[in-house]
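The values are calculated or read from the model by the stated rules, or taken from the named source; none is laboratory data. Fair warning: this is a prediction, and the values are worked out from it, not measured in the lab. Counting neighbours? That spans all protein chains shown, and the Cβs are built from the backbone with ideal geometry, glycine included. All accessible areas refer to the heavy atoms of the entire protein, side chains included, with ligands and DNA or RNA removed. Shrake-Rupley method; radii C 1.70, N 1.55, O 1.52, S 1.80 Å.
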Amino acid sequence: MTSTPEARAEPAPRLSQTSASGIDVPARVGPGAVDAERIGEPGEFPFTRGIFADGYRGRLWTIRQYSGFGTAEESNERYRFLLDQGQTGLSVALDLPTQCGYDPDAPMARPEIGKVGVSLSSLAEAETLFAGLDLAKISTSFTINGTAAIIYAMYLAVADKQGVPRAKLTGTIQNDILKEYVARGTWIFPVRPSMRLIADTILYSNEVTPRFNPISIAGAHVRDAGSTAVEEMAYTLANGLAYVDELARRGGDIEKFAKRLSFFFYVHMDFFDEVAKFRAGRRLWARLMRDRYGVTDPRAQHFRFGVVCGGSSLTAAQPYNNITRVAIETMAAVMGGAQSIFTCAFDEAFQIPTEFSAELAVRTQQIVAYEAGIARSVDPMGGSYVIEQHTDRMEAGIERVMREIDDYGGVVKAIEDGWLQMRLAERALERKQRVDSGETVIVGQNHFRRDDQTHEFGEVFRLDPGAAGRVLEKYRRVLDTRDGARAEASLARLGRAAADDRENLMPYLVDCCHAYATVGEMVATLRAYWGDFQEPVRL
């Protein structure tokens, strides 16, 4: 007989009177909170209730799982497993060397090969990653930024090799470098040449892959780095406007390219904050497109977004609680009208998901979709006194933060000066202090703990220690067997194009990929002309 750990004599915390974003939440809200004209109808401007009149009845959200590790062969096997479990789209995780533009043989790269994603150094690896997968029928999302244009070029080259028409390709590259400078750090080049590269991908994609999303403007990482839901949406929309301005400066047709802009967020645990965040963002973006840029096509006013349910809201303490957290967050994403959802596995707080935990995460989405009933109606919370008031207050907060950025001089200046980075760091410290003090309740972490918090897991993920060696061996084989002269010539053409601001670099990057030039070689070629981003220091 085993003894049960003695429970701590801990008083239950009091319920907060404000949301996680600091919005006052009244105990009771009445009919006066609802303005039917401001809410509108589903599928109609300002799209508060959703961009489609029939909601998920017309098309269910895309079910994805962020996955990739070790070698291309191992990741391909995981993708096949997830597709067999009912996943409807791929979400490719890339390792840090690939994200930061290093080949596997670089000294900085070797300890990180395949650890947080798949190593993808050349077209040869990409061909293996997608072997046996019909790219004409699968939507593929890449969480990639600094090297996004290169990975997109590589994907086009794989499609060419498979004989898949580029016009049939669907999916997304994240390609949002502005939030990298603020929150993640996988930047390479300075801000302005990076903006050029992003504009190149969007303008090129509009012509050759019209069903592909060439950017996913992401607030997700800003949120995980410490921002509130209000700031997450405000920073994301501000970045979106910066990209629109750059594309317009390049002569892009806003009515055309705006149709392929997409967004990406984390869903955290304050249910009403999250639902209201998406409804407010959708309404505000539509209004900005119409009033600031004169966009008249409703599809170009659409705020299309995908989400991650999990992230920093998950805990290593009492990790099975994360199953409940992810289910609640998935419901919030559906209530908010997401077009694409990926659900974190409960063990992602401390390891790469196992097949068991990844399958359970997929099943969470399927249960919400097919058993819970909440996907049957469009915007089922629309008209709720609480949610409509919260949406209005969330929108007002988002606009206030965006005005502060505009007053500073815009998002690009705020990043180059380090102002946004400092602001986010301050907010992250505030959030940590609230958690450490117990003001913000995290069940199982700072409240409702047990003396013995250990858990036995039936399955623990272990990265194959030989994976890095196999990646290096394949990388060297590519260098030995490719047409070296062709690779060098393609890189030389890329360098000349980089020196000419009038050139779109995408055709040159695709040529480099077909010549089996590596990610590291392409980045080094561009770095020779553009240099590196220097992190500003603010005291």
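The table below gives the values:
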{"read-out": "Hey, residue 427 closer than 25 Å to residue 183 by Cα, surrounded by 12 or more Cβ atoms within 10 Å (Cβ to Cβ) and out of contact with any Phe, Trp or Tyr (no Cβ under 6 Å at 6 or more places or on another chain) or not", "value": "yes"}
{"read-out": "Residue list for region 196-215, filter: assigned to a helix (DSSP H, G or I) and in contact (Cβ under 8 Å) with a residue 40 or more places away in the chain", "value": "196, 197, 198, 199, 200, 201, 202, 203, 204, 205, 206, 208"}
{"read-out": "Residues of region 61-76 satisfying the condition of being open to solvent by 50 Å² or more (accessible area, probe 1.4 Å) and either touching a Pro at 6+ places or on another chain (Cβ under 7 Å) or at pLDDT below 95 (or both)", "value": "66"}
{"read-out": "Cβ pairs under 7 Å, 6+ apart, first in region 508-522 and more than 17 Å from residue 161 (Cβ to Cβ) and without any contact (Cβ under 8 Å) to a residue 40 or more places away in the chain, second surrounded by fewer than 24 Cβ atoms within 10 Å (Cβ to Cβ) and of a type outside the set (S, T, N, Q)", "value": "508/493; 508/494; 508/497"}
{"read-out": "Exclusive hit being out of contact with any Gly (no Cβ under 8 Å at 6 or more places or on another chain), open to solvent by 80 Å² or more (accessible area, probe 1.4 Å), at pLDDT below 90 and part of a helix (DSSP H, G or I), set 57, 38", "value": "38"}
{"read-out": "Residue, most open to solvent (accessible area, probe 1.4 Å), within region 299-354, restricted to residues that are of a type in the set (Lys, Arg) and in a helix (DSSP H, G or I)", "value": "299"}
{"read-out": "Options 451, 464, 501; residue that is within 23 Å of residue 208 (Cα to Cα) and at pLDDT below 95", "value": "501"}
{"read-out": "Residue identified as at pLDDT below 95 and within 20 Å of residue 311 (Cα to Cα) among 137, 115", "value": "115"}
{"read-out": "Neighbours by Cβ (under 8 Å, 6+ apart or cross-chain): first from region 121-150, in contact (Cβ under 8 Å) with a residue 40 or more places away in the chain and under 15 Å from residue 216 (Cβ atoms); second of a type in the set (Asp, Glu) and crowded, with 24+ Cβ neighbours inside 10 Å", "value": "145/176"}
{"read-out": "First in region 440-464 and open to solvent by 80 Å² or more (accessible area, probe 1.4 Å), second anywhere and modelled with pLDDT under 75 and among the aromatic types (Phe, Trp, Tyr), Cβ under 9 Å, 6 or more apart", "value": "none"}
{"read-out": "Region 227-238 residues that are touching a residue at least 24 places away in the same chain (Cβ under 8 Å) and farther than 13 Å from residue 393 by Cα, paired with ones that are among the hydroxyl-bearing types (Ser, Thr, Tyr) and surrounded by 24 or more Cβ atoms within 10 Å (Cβ to Cβ) (beta carbon under 6 Å, 6 or more apart)", "value": "228/21"}
{"read-out": "Residue among 182, 208 that alone is over 21 Å from residue 402 (Cα atoms), β-branched (Val, Ile, Thr) and open to solvent by 10 Å² or more (accessible area, probe 1.4 Å)", "value": "208"}
{"read-out": "Pair list, Cβ < 6 Å and 6+ apart or interchain, from region 12-34 residues that are surrounded by 10 or more Cβ atoms within 10 Å (Cβ to Cβ) to residues that are modelled with pLDDT under 90", "value": "18/24; 19/25"}
{"read-out": "Qualifying residue in region 223-238 (condition: buried (at least 20 other Cβ atoms within 10 Å of the Cβ), within 14 Å of the chain's Cα centre (by Cα) and at pLDDT below 95)", "value": "yes"}
{"read-out": "In region 160-179, the residues that are free of Cβ contacts under 8 Å to residues at least 40 places away in the same chain and surrounded by fewer than 20 Cβ atoms within 10 Å (Cβ to Cβ)", "value": "161, 162, 163, 164, 165"}
{"read-out": "Test: residue 157 is at pLDDT 95 or above and more than 14 Å from residue 243 (Cβ to Cβ)", "value": "yes"}
{"read-out": "Qualifying position, being of a type in the set (Ser, Thr, Tyr), out of contact with any Leu (no Cβ under 6 Å at 6 or more places or on another chain) and more than 22 Å from residue 305 (Cα to Cα), among 128, 62, 98, 147", "value": "128"}
{"read-out": "Matching residues, region 242-269, being free of Cβ contacts under 8 Å to residues at least 60 places away in the same chain and assigned to a loop (DSSP other than H, G, I, E, B)", "value": "250, 251, 252, 253"}
{"read-out": "Subset tally (residues that are hydroxyl-bearing (Ser, Thr, Tyr) and open to solvent by 40 Å² or more (accessible area, probe 1.4 Å)) for region 476-492", "value": "1"}
{"read-out": "Criterion violated by residue 413 - all others in (1) crowded, with 20+ Cβ neighbours inside 10 Å; (2) among the charged types (D, E, K, R); (3) in a helix (DSSP H, G or I); (4) modelled with pLDDT under 95 satisfied", "value": "(1)"}
{"read-out": "Subset tally (residues that are among the aliphatic types (A, V, I, L, M) and under 21 Å from residue 62 (Cβ atoms)) for region 163-218", "value": "8"}
